[in-house]
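The values are calculated or read from the model by the stated rules, or taken from the named source; none is laboratory data. Only a predicted model underlies this, so the values are computations on that prediction, with no experimental measurement involved. Because the Cβ atoms are built from the backbone with ideal geometry, glycine has one as well, and the counts that use them run over all protein chains shown. Heavy atoms of the whole protein, side chains included, go into the accessibility calculation; ligands, DNA and RNA do not. Shrake-Rupley method; radii C 1.70, N 1.55, O 1.52, S 1.80 Å.
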Amino acid sequence: MDAQRTLRRQVSCYGIGLHSGNKVRLSLKPAPADFGIRFRRTDLGDHEVPATVHNLAGIQLATGLARNQVSVETVEHLLAALVSTNIDNVIIELNSPEVPIMDGSAAPFIYLIHEAGIRRLQAPRKYLKIVRPVAISRGDKRIALYPSDHFKVTYSISYDHPLLRHQSRTLRITEDSFVDEIAPARTFTFLKDVEMLRQNGLALGGSLENAIVLGETGVLNNALRFEDEFVRHKILDAVGDLALVGYPVVGHLVAHRAGHALHTEFAAKILDETHAWRLVEAPMLDGPALPAAIPVKGTAAARLAN
Ligand SMILES: [Zn+2]
């Protein structure tokens, strides 16, 4: 059995909110088993917003959550970093509505998590193992999950832009593959959209320091981190949005031209389609639903997990 994990100690950083341009303090704090991932607004009496599909709100250019009129925005890169490093339980404190954008990737959050260190907890992790396909299509946008022994993502994108006619990548997501291949990939935007965003009071904190900007024929930034950094970033976004399911998913995610709206609609659909998955305590387990699948119980299981 795999044990649930949290951080060993508290870590903090400062950054700016992509849309507001305001300075934000972000702290990650250890949390007990079965606590889950919860945002806490220190500027609003420590009001908590758990990172689940039940609190989805305001999905446009980024993924937002809200509970009792208290919101947190742009959560997906941080969530991707947490679930990919197998952090099940953590308190995310923010003194502003927006998670700081940092460099537009998940790499700074990986650095923070590694700084904090990992602590194993005395409780088994539960995985959501896909046993039947689940899919959504909206025009030419598609997203689906198929049974697989591992968490794997295949993503393809195509835009009306000479650099982005077609990019596709398949990757088995592990802590190592995510850290090396996906976390450094930055968010991207088109120059023609930047003006429109600014006129609407959005992306006020956006710059070449935290996004790849595509002009008519090429990128305005000096260099890309990967030749196919764009599709890698889409994988990053999908991993972060899928975290809202609340369990690590074991299955093959296949997405074409999707985005936050479709990713998050899909995360909610997965939870609704209870015949399509089982909760298991080991990702390779194919057996019946959870209670019958545990060979040992209680403290023995917890001891084994450690
Ligand atoms: Zn993103």
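Worth a mention:
- Cleavage-rule hits, trypsin sites (Lys or Arg not before Pro), the range 103-200, DSSP coil, Cβ neighbours within 10 Å at most 14: ARG165
- Accessible area in the full protein assembly, largest first, 1.4 Å probe, for TYR155, TYR247, TYR14: TYR14, TYR247, TYR155
- Added length on full extension, which subtracts the Cα-Cα distance from 0.36 nm per residue, HIS275 to ALA261: 2.7 nm
- Entry for the chain at q = 0.11 Å⁻¹: log10 I(q)/I(0) = -0.65, Debye formula applied to identical alpha-carbon scatterers, no solvent contribution.
- Residues whose placed amide H lies under 5 Å from that of THR52, excluding near-sequence neighbours: none
- Spatial separation of Cα centroids for the range 68-145 and the range 149-201, in angstrom: 16 Å
- Relative contact order of the range 1-126, pairs being alpha-carbon contacts under 8 Å that are 6 or more residues apart, as %: 40 percent
- Net length available on complete extension from HIS166 to GLU216 is 16.4 nm, with 0.36 nm assigned per residue and the Cα-Cα distance removed.
- Based on Cα contacts under 8 Å between residues 6+ apart, the range 64-218 shows a relative contact order of 22 percent.
- Computed with a 1.4 Å probe on the full set of protein chains, the accessible area for MET284 sits at about 110 Å².
- About the centre of its Cα atoms, the chain shows a dipole size close to 720 debye [charges on the beta carbon of Lys, Arg (+1) and Asp, Glu (-1) only; nearest 20 debye].
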